[in-house]
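Structure, as structure tokens:
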Amino acid sequence: MHSVRQSTSGAMGALASRLSKVSRIQAKPAKLPIESKLIFVLGGARSGKSSFALQQGKAQSPRAFLATAEALDSEMATRIQKHKRSRGQGWTTFEVPIQLTEWFAGEGANYSSVVVDCLTLWLNNLLRGKVRPRQVPSHIRKLLKAIKDCPSQVVMVSNELGLGLVPGDAVSREFRDVAGRMNQLIAAEADEVHFLVSGLPLRLK
């Protein structure tokens, strides 16, 4: 009888130990998904903004580069080829002149780091199509939502057009104004904002 009680006690103790281990495993918090990070890089022509954006994007891999430029003439084609050579190896390049939102929704989760260069040309491509200036904020908000849904670091490059002379024609003035509003919307949602002057970065946010 004494041996039966000992055997029962030992079995109960072993069961309690196993249940305790299971309880500890179940109580362990689940691993949180990687959150998206948006870095916004601004600057004028030849300010060093593209090089800075590439430096930020090299920290992680796999990496994607989204080019919004279109080779509409020989001079632009030469610029595009020069940019490709300057990027070096390790980048998968996509030519996305307009459908950035669709790209992030379909492909964004496949890359840890994405560089978009540049938003000013993307805006120009939108306006050359059927998008009207008053519709641009809606397109920007959809793009920002698609980026937020991606577990990636996204570096976006844009031109600061508001520091020069006032354009001499109405179309150019409207484009400058729309670009300025676009930059403000993106900067408000970005985790980091950097402004480049003569190759020197100034962190604004």
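The values are calculated or read from the model by the stated rules, or taken from the named source; none is laboratory data. Just so you know, these numbers come straight off a predicted model, no measurement behind them. FYI the Cβ positions are ideal-geometry reconstructions off the backbone, even for glycines, and counts take in every protein chain you see.
Each residue in segment 112-138 was checked for being within 15 Å of the chain's Cα centre (by Cα) and either in a strand (DSSP E or B) or more than 20 Å from Val154 (Cα to Cα) (or both), and 5 of them qualify. In summary, no strands (runs of 3 or more DSSP E) completely within segment 1-111 bear 3 or more residues that are touching a Gly at 6+ places or on another chain (Cβ under 6 Å), at pLDDT below 75 and closer than 24 Å to Val193 by Cα.
Considering segment 172-205, the residues that are among the hydrophobic types (A, V, I, L, M, F, W, C) and part of a strand (DSSP E or B) include one that is farthest from Leu42 (Cα to Cα), namely Leu200.
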